[in-house]
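**Student:** Below is a structure I'd like to ask you about.
The values are calculated or read from the model by the stated rules, or taken from the named source; none is laboratory data. Quantities reported herein were computed from a predicted structural model and do not represent experimental measurements. Cβ placement follows ideal geometry from the backbone for every residue including glycine, while neighbour counts extend to all protein chains displayed.
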Amino acid sequence: MEYTNWTANVSGFTSQLGKPLNVPVVTAAITYDCEYSGETHIMVIHNSRYFKNMEINLIPPMMLRLAGLNVDECPRFLARNPTEENHSIFFPDFNLRFPLMIEGIISYIPIRRPTSKELVENEANYLIMTPNLPN
């Protein structure tokens with residue numbers, strides 16, 4: 001992870017959660033191993049709040065859309081005429097579609113931390129998940 005030179009104040013939706021936290025803002029890389037193609041993809045998340053002990057990544061679909069991605073949040077079992085487009089993230093610049101998985105009401109893709117070797121080998125093909133907008 002690459003740390004930027006700024007932090008963000010993060011607070012809850014109620015004052016009962018305590019004082020706001022001062023959280024580092026980072027550009028982070030995550031790895032997705034496609035179970036269908038067997039390919040490994042490195043995805044970049046710009047301007048992400050970094051919580052050291054957090055084990056999941058939460059990305060609002062709006063941020064994915066701002067980066068030019070097509071997001072379909074409707075699970076296939078709820079779609080009237082299900083297709084591969086339902087419940088997926090599509091990267092139009094690479095013609096890649098990643099199916100979303102679901103646990104309860106949470107949609108996700110299984111990811112992991114990339115190795116240094118993977119970061120170097122895939123540098124020309126990083127998939128941008130969120131825009132790199134000014135702070």
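**Student:** So if I check each of Pro60, Pro82, Pro75, which one is without any contact (Cβ under 8 Å) to a residue 24 or more places away in the chain and either of a type in the set (A, V, I, L, M) or surrounded by 13 or more Cβ atoms within 10 Å (Cβ to Cβ) (or both)? Spell out the reasoning first.
**Tutor:** Values: Pro60 fails: either of a type in the set (A, V, I, L, M) or surrounded by 13 or more Cβ atoms within 10 Å (Cβ to Cβ) (or both); Pro75 fails: without any contact (Cβ under 8 Å) to a residue 24 or more places away in the chain.
Of the residues listed, the single one that is without any contact (Cβ under 8 Å) to a residue 24 or more places away in the chain and either of a type in the set (A, V, I, L, M) or surrounded by 13 or more Cβ atoms within 10 Å (Cβ to Cβ) (or both) is Pro82.
**Student:** Which count do you get for residues in the range 114-132 that are more than 17 Å from Gly38 (Cα to Cα) and within 16 Å of the chain's Cα centre (by Cα)?
**Tutor:** Number satisfying all stated conditions: 5.
**Student:** Against the definition (within 30 Å of Asn22 (Cα to Cα), under 17 Å from the mean Cα position of the chain (by Cα) and free of Cβ contacts under 8 Å to residues at least 60 places away in the same chain), how does Tyr50 come out, yes or no?
**Tutor:** Yes: the conditions hold for Tyr50.
**Student:** For residues that are farther than 14 Å from Val25 by Cα, in contact with a strand residue (DSSP E or B) (Cβ under 9 Å, 6 or more places away or on another chain) and not hydroxyl-bearing (Ser, Thr, Tyr), scanning just the range 40-57, find the one that is surrounded by the fewest Cβ atoms within 10 Å (Cβ to Cβ).
**Tutor:** Going through the qualifying residues, I end up with Ile56.
**Student:** Give the range 1-35 a look and list any residue that's closer than 23 Å to Leu119 by Cβ, modelled with pLDDT of 60 or more and not in a strand (DSSP E or B), or say none.
**Tutor:** Cys34, Glu35
**Student:** Can His41 be described as assigned to a strand (DSSP E or B), of a type outside the set (Val, Ile, Thr) and within 11 Å of the chain's Cα centre (by Cα)?
**Tutor:** no
**Student:** Oh, and also: Report the residue count in the range 59-104 for those that are in a helix (DSSP H, G or I) and under 12 Å from the mean Cα position of the chain (by Cα).
**Tutor:** So the answer is 5.
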